[in-house]
1. Along region 6-12, what does the Karplus equation 6.51 cos²θ - 1.76 cosθ + 1.60 (θ = phi - 60°) give for ³J(HN,Hα), rounded to whole Hz, x for Gly and Pro?
2. Over region 2-93, what is the mean sequence separation of C-alpha contacts under 8 Å (at least six apart), divided by residue count, expressed as relative contact order in percent?
3. List the trypsin sites (Lys or Arg not before Pro) within region 11-44 that fall in a DSSP loop (any state other than H, G, I, E or B) and whose Cβ has at most 11 other Cβ atoms within 10 Å.
Amino acid sequence: MGQEVNVAAEEIQVRRSARGDERAFAVLVERYKGMVFSTAYKVLKNSSQAEDAAQDTFIKAYAALPGFKGRAKFSSWLYRICYNTCISMLRKRRPEVELTEAMAQTIDGPAEEFRSRDIQTVIQQEVARMPDDYRVVITLYHFDGMSYDEIARLTRKPMGTVKAKIHRARALLRERLLERVGWEELKEVMWK
């Protein structure tokens, strides 16, 4: 019963917002700002860009609300706007992908440190050069630790598509890294 009341109350807030009621929309923003920022941060991996994306998401949502038909839950609709906003930002800005601790390794001396940094830089460059759909899934899976299911929900792609894109992204990355640094260099850094 309590959830039905919340759903009904939210529907009222959405309808009022669609008619231009800014106070009603402020309630929705307050309710979903955490979810929107979290989603944006998972995709963009940058707090400042995530804040920009969250703000853009709410601006776009407010403008599009009169066309919201209610076929999906408001939260799902808002989530999708946020995801699309983030993908657009990635395409425009082409940010470098930061390597996580999973890519860090032990360094034995100055020569090792130099070689390790070189290879990490190459990995960053190659991930950044990947097509957007590959870069996003490989970043979400390997660097952010998201599951296939989480990525499928976020991108609204079937599980099989997500798995295929991750597989293809890995193959492309491996091919590019082998071309640039060779097997021996790559093997030494990756399996230290």
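Taken together, the values in this text are just the output of simple stated rules run on the coordinates, not laboratory data. Treat the numbers as computed from the prediction; the structure is a model and nothing was measured. Because the Cβ atoms are built from the backbone with ideal geometry, glycine has one as well, and the counts that use them run over all protein chains shown.
1. 4, 5, 5, 5, 5, 4, 5
2. Reported relative contact order: 30 percent.
3. Passing both the DSSP loop test and the Cβ count: Arg19.
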